[in-house]
Amino acid sequence: MSVKLLLNKIQVPGIRSYEVYRREGGYQSVEKALKMQPADIVEEVKKSGLRGRGGAGFPTGLKWSFIAKPEGVPRHLVCNADESEPGTFKDRYLMEFIPHILIEGMISASYALGSNASYIYIRGEYDWVSDILEAAITEAKQNGWLGKNIQGSGFDCEIYVHRGAGAYICGEETALIESLEGKRGNPRIKPPFPAVKGAWERPTVVNNVETLAAVVPIINMSGDEYAKIGVGKSTGTKLISACGNINKPGIYEIDMTISVEEFIYSDEYCGGIPNGKKLKACIPGGSSVPILPANLLLTTAKGEKRMMNYESLSDGGFATGSMMGSGGFIVLDEDQCIVRNTYTLARFYRHESCGQCSPCREGTGWMEKILKNIDTGKAAMSDIDLLWNIQRKIEGNTICPLGDAAAWPVAAAIRHFRDEFEWHVLNPEKCLKENYGLAHYADPVHVPV
Amino acid sequence: MEIIFSQEKLNKVSEIISRYPEGRQKSALLPVLHLAQQTFGGWLDVPVMDYVASLLKLEPIEVYEVASFYSMYNLKPVGKYMFEVCQTGPCMVNGCDDIIDYIKQKLNINVGETTADGLFTLKTVECLGACGYAPMMQMGKTYREHLTKEKVDAIIEECRNLSGSNN
Ligand SMILES: Cc1cc2nc3c(=O)[nH]c(=O)nc-3n(C[C@H](O)[C@H](O)[C@H](O)COP(=O)(O)O)c2cc1C
Ligand code: SF4
Ligand code: FES
């Protein structure tokens, strides 16, 4: 059993309400935090080794220590609840079922950063979740955890919900800030970084929902104790949203000491592949991370068991590894077509490109078109190389990482499944009706009976 | 329809503006556009956007450029019930294409169209953060998940009954 720090109370009936949440020990971390110096809280978060749960995995304590503190200028904490990376649906689960853990974490984080007005930027489609958060904020305010002089500490804190309106790019932190300011979600050129000039030109920290929720156990148990959970630089617990061809899709909290194999096949987690099918491939960290064929997913190129943590998932770099990303774990069985799957992701990125940089705006459109041609048997062999060249030209040449996020899945699909792309070109009639199947990259261990 | 918020909604607009720093009322644009769309028939006609601009002391163009950027603002009329079916990878793996085809056939419309009676609009959208409960769609404020043909039938029936009892 993995240790659980965020979802340990999720089964308690009524945990969504303040009363039950408080009775179960909620808001103790705020009581503790308000007795500490803000800088000491930052220190605890540093010691915890917590890494941002939004995708990039940047150390949270370090990020907090960068915030500029010019005299007389307000600072802001913004929670990134935009959650739009395909395969990722963990933040919604936390906010929907245990909203107070986010509010609790945000109050301590606001205190640590000196933010008197903090914001939750939530994707527009999560309309009912935004109502749940507003209700939780009202309850917290009625009980003295928000408002003026909270718990007699002298610290004022408000949290506001700001609903987006349908744009994946607003998950990128500078686009999010633009959107919070009531503009189109066009990412800004960095520097200046938000920690210096963010929302309304004020120093701003943007953190993911799960990152801010993790502040609660860190303060409760101390940074050092939190760091003992997990392994190496993958400390604490991570929420994984699992989907695709598995028996038990859903949200799992893991302590990063289990293997990928256990995660997919154990009944405690995904429960294996339905209908006796074989595992073909997996995108382990949300749609922008490299897809891995089953053999490289379960074992690294060095022949070690691949584990569900930051280091192990990225072992081998992009040549033979992938990334933890946002924890959106997408499993594909033997009936899935890699070209088709890559095409839908390319379409997604084309749709979501803000259009500011030509390599991203034009390149995502080209990739979508070529992939569609390959998928429908209308492509030539040279199109595979063209596709490869286009993704190479996007990567690293854009204002924000959406360009990379669009290029990586295409690159990985060609790198590992080139034979399947070629089969589509060589068998135009077949590829509309049949599926290439497994070839050499099936899971060698779990052969269904 | 006269394009004016009720006093209650105007109070709501003031409350929304107060969430942001002084002089930064433009920040209220996204939430106020949501409110306007919901109030004035489910879409943002030009006079509606102009009204929002006047409320927030913005140039109309500032409102148009924002309204046209975000996919949830409808710049054309839509049906009373909008089926927004997710078509991204994880939903595709779980059969969203069949569901989209089924809805098309059942309502006799294509993606992007509205039924003649003005009741239903079908749209395809990209990942809505419900990939584990696929196939799925958004309908108004909520999500409908684990869709099957039977479920789609029931939802259409439900909407027809609702609209019947409203009239
Ligand atoms: C295109 C794009 C989309 C992103 N979407 C999200 C998102 O939906 N949620 C999120 O928390 N971070 C997202 N990020 C990462 C944020 O920019 C930022 O790194 C993160 O919110 C920082 O929080 P963390 O350090 O707590 O992870 C996205 C980044 C990019 C480039
Ligand atoms: S990389 Fe794409 S999404 Fe990012 S700023 Fe450039 S055009 Fe916009
Ligand atoms: S892919 Fe459909 S909800 Fe995520």
(request) Output the residues belonging to region B:79-92 that are open to solvent by 20 Å² or more (accessible area, probe 1.4 Å) and more than 21 Å from residue B:45 (Cβ to Cβ). (result) B:87, B:92
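Quick check: is even one residue across region A:83-96 more than 14 Å from chain B (Cβ to nearest Cβ), touching a residue at least 24 places away in the same chain (Cβ under 8 Å) and part of a helix (DSSP H, G or I)? Please lay out each step first, then the result.
Going residue by residue through region A:83-96, those that are more than 14 Å from chain B (Cβ to nearest Cβ) are none.
No, region A:83-96 contains no residue that is more than 14 Å from chain B (Cβ to nearest Cβ), touching a residue at least 24 places away in the same chain (Cβ under 8 Å) and part of a helix (DSSP H, G or I).
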(request) Select from region B:133-153 the residues that are touching a residue at least 24 places away in the same chain (Cβ under 8 Å) and either within 12 Å of ligand 3 (Cβ to nearest atom) or open to solvent by less than 10 Å² (accessible area, probe 1.4 Å) (or both) and write down the one among them that is farthest from the other protein chains (Cβ to nearest Cβ). (result) B:152
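Listed here are the residues, each with its yes/no results for (1) within 28 Å of residue A:196 (Cβ to Cβ); (2) more than 16 Å from ligand 3 (Cβ to nearest atom); (3) touching a strand residue (DSSP E or B) at 6+ places or on another chain (Cβ under 6 Å); (4) more than 9 Å from chain B (Cβ to nearest Cβ).
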| site | (1), (2), (3), (4) |
| --- | --- |
| A:142 | no, yes, no, yes |
| A:151 | no, yes, no, yes |
| A:158 | yes, yes, yes, no |
| A:171 | yes, no, no, yes |
(request) Return the only residue of A:82, A:91, A:40 being closer than 23 Å to residue A:29 by Cβ, among the acidic types (Asp, Glu) and open to solvent by less than 50 Å² (accessible area, probe 1.4 Å). (result) A:91
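Out of all the residues in region B:107-130, which are loosely packed, with under 15 Cβ neighbours inside 10 Å and within 16 Å of ligand 3 (Cβ to nearest atom)?
Once the filter is applied, which keeps residues that are loosely packed, with under 15 Cβ neighbours inside 10 Å and within 16 Å of ligand 3 (Cβ to nearest atom), region B:107-130 yields only B:111.
Restricting attention to region A:393-417, which residues are open to solvent by 20 Å² or more (accessible area, probe 1.4 Å) and more than 15 Å from ligand 2 (Cβ to nearest atom)?
Residues of region A:393-417 that are open to solvent by 20 Å² or more (accessible area, probe 1.4 Å), as a first pass: A:393, A:395-399, A:401, A:404, A:408, A:415-416.
The answer is A:415, A:416.
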(request) Run residue A:179 past the list (1) on the phi > 0 side of the Ramachandran plot; (2) facing chain B (nearest Cβ under 10 Å) and report the number of the one that doesn't hold. (result) (1)
(request) Could you check, for region A:32-39, whether at least one of its residues is touching a strand residue (DSSP E or B) at 6+ places or on another chain (Cβ under 6 Å) and in contact (Cβ under 8 Å) with a residue 40 or more places away in the chain? (result) no
(request) Among the helices (runs of 4 or more DSSP H) lying completely within region A:190-284, list those that include at least 1 residues that are open to solvent by less than 10 Å² (accessible area, probe 1.4 Å) and of a type in the set (Gly, Ala, Ser). (result) A:209-221, A:223-228
(message) Please pick out the residue among A:260, A:209 that is hydrophobic (A, V, I, L, M, F, W, C) and more than 18 Å from residue A:81 (Cα to Cα).
(response) A:260
(message) I need every pair where a residue in region A:284-308 that is at positive phi has its Cβ under 8 Å from the Cβ of a residue that is outside any strand (DSSP E or B), sequence separation at least 6 or different chains.
(response) A:286/A:55; A:286/A:85; A:286/A:86; A:286/A:87; A:286/A:88; A:286/A:325; A:286/A:326; A:286/A:327
(request) Specify which of the listed residues (A:165, A:112) is aliphatic (A, V, I, L, M), farther than 25 Å from residue B:74 by Cα and either open to solvent by less than 40 Å² (accessible area, probe 1.4 Å) or at pLDDT 95 or above (or both). (result) A:112
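May I ask you to list the residues in region B:63-78 that are open to solvent by less than 50 Å² (accessible area, probe 1.4 Å) and closer than 12 Å to residue B:33 by Cα?
Quick first cut of region B:63-78, residues open to solvent by less than 50 Å² (accessible area, probe 1.4 Å) only: B:63, B:66-67, B:69-70, B:72-74, B:78.
Passing the criteria: B:63, B:66, B:67, B:70, B:72, B:73, B:74.
Rundown of residues vs (1) touching a residue at least 40 places away in the same chain (Cβ under 8 Å); (2) at the interface with chain A (Cβ under 9 Å from one of its Cβ atoms), yes/no style:
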site: B:72; (1), (2): no, yes
site: B:79; (1), (2): yes, no
site: B:90; (1), (2): yes, yes
site: B:93; (1), (2): yes, yes
site: B:101; (1), (2): no, no
site: B:105; (1), (2): no, no
site: B:109; (1), (2): no, no
(message) Testing residue A:355 on (1) more than 14 Å from every other protein chain (Cβ to nearest Cβ); (2) within 16 Å of ligand 1 (Cβ to nearest atom); (3) of a type in the set (Gly, Ala, Ser); (4) surrounded by fewer than 18 Cβ atoms within 10 Å (Cβ to Cβ), one condition comes back false. Which one is that?
(response) (1)
(message) So, in region B:35-50, how many residues would count as being surrounded by fewer than 20 Cβ atoms within 10 Å (Cβ to Cβ) and in a helix (DSSP H, G or I)?
(response) 6
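The values are calculated or read from the model by the stated rules, or taken from the named source; none is laboratory data. What you see is a predicted model, and the numbers here were worked out from it, not measured in a lab. Neighbour counts are summed over all protein chains in view; Cβ atoms, including those assigned to glycine, are modelled from backbone coordinates with ideal geometry. Areas reflect the complete protein model, heavy atoms only, side chains present, ligands, DNA and RNA absent. Shrake-Rupley method; radii C 1.70, N 1.55, O 1.52, S 1.80 Å.
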